[in-house]
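Structure first, commentary second.
The values are calculated or read from the model by the stated rules, or taken from the named source; none is laboratory data. Nothing here was measured: the structure is a model prediction, and the numbers come from that model. All Cβ positions, glycine included, derive from the backbone under ideal geometry; neighbour counts span all protein chains shown.
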Amino acid sequence: MRQKPLAFLGYGVRIPGGYDDFAGVDVKDRVAVIARTLPDLDAFAHLPRGERSLLARLKRLEAAKAAAVLVLEDGPVRPLLREEGPVKLDIPVLSVSAEALGTACGDLRARLMAIKDTGRPASQDFIYAPWTTLTLKLKLRREEAQVPNVVAVIPGRDPKLRKEFIVLGAHMDHLGLGERHSMGGAEGRGQVHPGADDNASGTALVVELARELKKARPRRSILLMHFGGEEEGLLGSNHWVQHPTHPLESVKFMLNFDMVGRLDPAAPKLMMGGLGAPKAALEAARKLAPEGFAISVDVGAAVGGSDHMSFSQAKIPTFFFFTGIHGEYHRPTDTADRINFAGLAKLAAYGRTLALDLANADTLPAFDPETAKVAMKGDGGPMRIAFGTLPDYADNPKGFRINGVSKGSTAETIGLQAGDIITGFGGRPVKSIYDFMDALGAHKPGDKALIQWLRGDQTMQAEATLKGRS
């Protein structure tokens with residue numbers, strides 16, 4: 001239990017040469033109080049989008065050595081979650097209301113109104129007021145759980161080719177009660193998120209393919225997989241690739257179905273990605289589509305971050321199928337009555353055609369490293385830097401773990417290897433893939449950046465000259 005003085009820092013914004021909530025306030029070893037929601041101020045007009053997020057402002061306070069942060073809500077208190085993933089900080093952060101703080105920081109609403117009226121900071125350090133201390137008592141508990149993968153096999157009929165496998169996969173998890181990653185806002189959290197499209201649709205489609213392909217008796221064997229933990233970072237597929245039930249070199253192709261239940265009946269259009277698949281293979285797959293079935297082909301990773309990425313990182317070519325984002329995505333309203341079942345059946349028939357085409361072919365397309373390049377994006381848009389890491393999407397308490405590096409990349413040049421955990425990039429701490437993406441987005445081609453990482457118990461670092469994307 002510790003007592004710490006309070007300091008009000010407006011919105012926790014610092015713009016070099018401009019608006020600065022930190023001016024005149026030493027936040028070190030104080031409990032900082034900031035408002036969550038940024039107002040529409042001219043002073044904030046040039047604040048980069050990546051610096052507007054609550055997480056970016058919390059990181060700034062952590063870097064300034066704040067003891068803790070109280071996030072002042074403009075409504076009910078709510079979980080401090082970033083929709084893209086878990087917040088990873090080394091200081092306590094609590095959501096509070098103005099009523100809960102009482103008069104410890106004076107009239108907070110008046111201070112915030114003054115900022116809105118004048119466009120100038122109204123920060124205040126309360127170090128000399130002994131009654132404005134906060135007593136914190138925190139008890140942290142890390143909970144771990146096991147989630148299953150479900151794997152089934154349809155043996156091939158060809159004496160030689162039956163030793164090779166085509167994987168048909170879909171993730172079977174969703175968001176539960178929406179406590180993490182819900183797009184439904186405060187009202188959505190605590191409600192059941194059915195996940196009819198994401199991804200009961202893909203799960204059901206793989207079951208239907210299992211029924212059909214068993215009757216068809218293909219030459220190659222079929223591995224049918226339902227993955228757990230996709231929403232938490234491709235955990236199930238990544239685990240299977242690292243601990244396969246069949247030799248990984250025997251897996252020749254992977255088809256992944258994620259959110260395939262919302263085909264537009266008026267204009268049926270399927271989005272299809274080919275991570276690690278040659279462009280010719282994608283074009284051949286498009287020609288197998290039934291009449292009146294439009295397919296939007298997207299080479300590489302531009303379509304979807306899903307379980308096919310784990311296989312592509314293992315140098316297995318993949319196809320990914322997706323009928324598009326909609327207003328019910330990651331919300332309690334993603335329900336079965338919104339599924340286009342006729343469209344799902346049509347997609348299953350197309351999936352059967354593709355699976356049999358691959359399973360019965362004399363030879364299969366080889367992995368193409370050019371289409372396997374992941375087009376990562378940061379808060380500011382598409383990345384300008386090509387660094388060459390293959391990400392491990394699972395949460396890691398030490399930093400951003402990588403599954404490998406691309407040949408000839410900057411990451412390979414400085415000596416990074418599979419299993420390394422990146423902890424720093426260009427002076428920024430890296431605690432997650434989101435930190436890593438933000439750090440990449442802050443640089444331009446030609447910049448030099450110090451990269452720090454862990455390899456087992458060893459701490460390593462190297463300076464890298466960053467390259468642009470070709």
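Say whether the condition of being at pLDDT below 70 and not in a loop (DSSP other than H, G, I, E, B) is met by at least one residue in region 88-97.
no
Name the residues in region 353-369 that are surrounded by 18 or more Cβ atoms within 10 Å (Cβ to Cβ) and either among the charged types (D, E, K, R) or not in a helix (DSSP H, G or I) (or both), would you?
Once the filter is applied, which keeps residues that are surrounded by 18 or more Cβ atoms within 10 Å (Cβ to Cβ) and either among the charged types (D, E, K, R) or not in a helix (DSSP H, G or I) (or both), region 353-369 yields PRO365, PHE367, ASP368.
Is one or more of the residues making up region 28-35 surrounded by 21 or more Cβ atoms within 10 Å (Cβ to Cβ), charged (D, E, K, R), modelled with pLDDT of 85 or more and over 19 Å from ASP117 (Cβ atoms)?
So far as region 28-35 goes, yes, one or more of its residues are surrounded by 21 or more Cβ atoms within 10 Å (Cβ to Cβ), charged (D, E, K, R), modelled with pLDDT of 85 or more and over 19 Å from ASP117 (Cβ atoms).
From the list ARG60, ARG111, pick out the single residue that is basic (Lys, Arg), at pLDDT 85 or above, more than 30 Å from GLU230 (Cβ to Cβ) and buried (at least 17 other Cβ atoms within 10 Å of the Cβ).
Exactly one of ARG60, ARG111 is basic (Lys, Arg), at pLDDT 85 or above, more than 30 Å from GLU230 (Cβ to Cβ) and buried (at least 17 other Cβ atoms within 10 Å of the Cβ), namely ARG60.
Could you say which residue among PRO148, PRO159 is over 20 Å from VAL260 (Cα atoms) and in contact (Cβ under 8 Å) with a residue 60 or more places away in the chain?
Values: PRO159 fails: in contact (Cβ under 8 Å) with a residue 60 or more places away in the chain.
Exactly one residue qualifies, and that residue is PRO148.
I need the full set of residues from region 415-470 which are more than 26 Å from GLY233 (Cα to Cα), in contact with a helix residue (DSSP H, G or I) (Cβ under 6 Å, 6 or more places away or on another chain) and assigned to a strand (DSSP E or B), in order please.
Scanning region 415-470 gives a single hit, ALA464.
Just checking, how many residues over region 165-197 are among the small types (Gly, Ala, Ser), in a loop (DSSP other than H, G, I, E, B) and at negative phi?
Residues meeting the conditions: 2.
Collect the residues in region 12-25 that are more than 11 Å from GLU51 (Cβ to Cβ), in a loop (DSSP other than H, G, I, E, B) and touching a Lys or Arg at 6+ places or on another chain (Cβ under 9 Å), keeping them in residue-number order.
TYR19, ASP21, PHE22, ALA23
Looking at ALA266, ALA277, ALA289, ALA284, which is the one that is farther than 23 Å from ASP173 by Cβ and assigned to a helix (DSSP H, G or I)?
On inspection, the qualifying residue turns out to be ALA284.
Does region 183-197 include one or more residues that are under 25 Å from SER312 (Cβ atoms) and modelled with pLDDT of 95 or more?
Of the residues in region 183-197, the ones under 25 Å from SER312 (Cβ atoms) are 195, 197.
Now restrict to residues that are modelled with pLDDT of 95 or more: 195, 197.
Scanning region 183-197 turns up at least one residue that is under 25 Å from SER312 (Cβ atoms) and modelled with pLDDT of 95 or more.
The rows are residues; the columns are (1) at pLDDT below 90; (2) touching a strand residue (DSSP E or B) at 6+ places or on another chain (Cβ under 6 Å).
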residue	(1), (2)
HIS243	no, no
ARG262	no, no
PRO278	no, no
ALA294	yes, yes
HIS308	no, yes
PHE320	no, yes
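Matching residues to (1) surrounded by 21 or more Cβ atoms within 10 Å (Cβ to Cβ); (2) touching a Ser or Thr at 6+ places or on another chain (Cβ under 9 Å); (3) of a type in the set (D, E, K, R):
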position: MET183; (1), (2), (3): no, no, no
position: ARG189; (1), (2), (3): no, yes, yes
position: ASP198; (1), (2), (3): yes, no, yes
position: SER201; (1), (2), (3): yes, yes, no
position: ARG219; (1), (2), (3): no, no, yes
